[in-house]
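One structure is given here, and the rest of the page talks about it.
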Amino acid sequence: MNLLGISGSLRDEATNRKLLAEAQRMFAPESYVEADLNLPLYDGDLEAADGIPEAVTRLASQIADADAVVISTPEYNQSISGVLKNALDWVSRVDGNPWANKPVAIMSAAAGRAGGARAQYALRLCMQPFRPRILQGPEVMVAASHKEFDDNGRLQGEMYNKLLQELMDALKAEAGR
Ligand SMILES: Cc1cc2nc3c(=O)[nH]c(=O)nc-3n(C[C@H](O)[C@H](O)[C@H](O)COP(=O)(O)O)c2cc1C
């Protein structure tokens, strides 16, 4: 299966990117791509003048080509990051809807004690217009995420590892349906 990973945090050391790497390891897909959300800010004038940026059409194709998508979101002020919302908005401007019926798992890594729980709810709402098949759980919410990965990027804690494996098994099963 082809798996696409999407991180709502761009930085190199993002714990959401580390969580995606662990998710990919557990899913064990035939091929894996991590999306690049470093896109221009959505601007209707830019779209009218130059059309949809190539990086956006690439992202839409990656979503369309994936058998399953895993999204890891940080929590910014109790919601998703602007980076992630911007990407969702841009992709919605591409012809067709690559999210339709797509099996999607969502998870979060955040500094706070709730591990990004509110961002996950916000993400579900943001994705509702696109009608993907978002798994209901298990919920993987890594709290104090800066402390939960070792120097090799491995996720610490038996419970987190168990939940992430369950989420990836559920995503694989959903993609196989
Ligand atoms: C603008 C901003 C707002 C934030 N708001 C929250 C928040 O509401 N809840 C929370 O748990 N962490 C919040 N944080 C901390 C992030 O969870 C933390 O930076 C996290 O490590 C980001 O994920 P990353 O490691 O993948 O970059 C915020 C960080 C930033 C930059």
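Quick check: the angle from helix 15-27's long axis to the longest principal axis of the chain, C-alpha only, nearest 10 degrees?
Approximately 80 degrees, to the nearest 10.
Provide the percentage of antiparallel DSSP beta bridges, counting only those with both residues in the stretch 2-176; round to the nearest 5.
10 percent
How far is helix 54-65 tilted, in degrees, relative to the longest principal axis of the Cα atoms in the chain, given as a value from 0 to 90 rounded to the nearest 10?
Result, in degrees: 60.
Please go through the residue pairs LYS18/LYS85; LYS18/LYS162; LYS85/LYS172; LYS147/LYS172 and name each one whose alpha carbons sit more than 23 Å apart in this structure.
Working: LYS18/LYS85 20 Å; LYS18/LYS162 16 Å; LYS85/LYS172 25 Å; LYS147/LYS172 28 Å.
Flagged as over cut-off: LYS85/LYS172; LYS147/LYS172.
Can you give the calculated 222 nm mean residue ellipticity of the chain, where each DSSP H run of n ≥ 4 adds -39,500 (n - 2.57) and the sum is split over every residue, rounded to the nearest 500 deg cm²/dmol? Intermediate results must be reported in sequence, preceding the final value.
On the way: 6 runs with 72 residues, N = 177.
Result for the chain, helices only: -12500 deg cm²/dmol.
Would you mind putting 20-31, 35-46, 70-81 in packing order, based on average other-beta-carbon counts within 10 Å, highest first?
70-81, 20-31, 35-46
I need to check one value: relative contact order of the chain, counting alpha carbon pairs closer than 8 Å and at least 6 residues apart, in percent.
Values: 327 pairs, mean separation 44.3, N = 177.
Across the chain, relative contact order equals 25 percent.
Would you kindly work out the equivalent ellipsoid of the stretch 28-165 from its C-alpha gyration tensor and give its semi-axes, the square roots of five times the eigenvalues, largest first in whole Å? Please report the intermediate quantities before stating the final value.
Values: eigenvalues 153, 56, 42 Å².
The three semi-axes for the stretch 28-165 are 28, 17, 14 Å.
With charges set only on the Cβ (+1 for Lys and Arg, -1 for Asp and Glu), what does the dipole of the stretch 2-176 come to about its Cα centre, in debye to the nearest 20?
560 debye
Readers should treat all values here as calculations from the given coordinates under stated rules, not as data from a laboratory. What you see is a predicted model, and the numbers here were worked out from it, not measured in a lab. Reconstructed Cβ throughout: ideal geometry from the backbone, glycine too, with neighbour counts over all protein chains shown.
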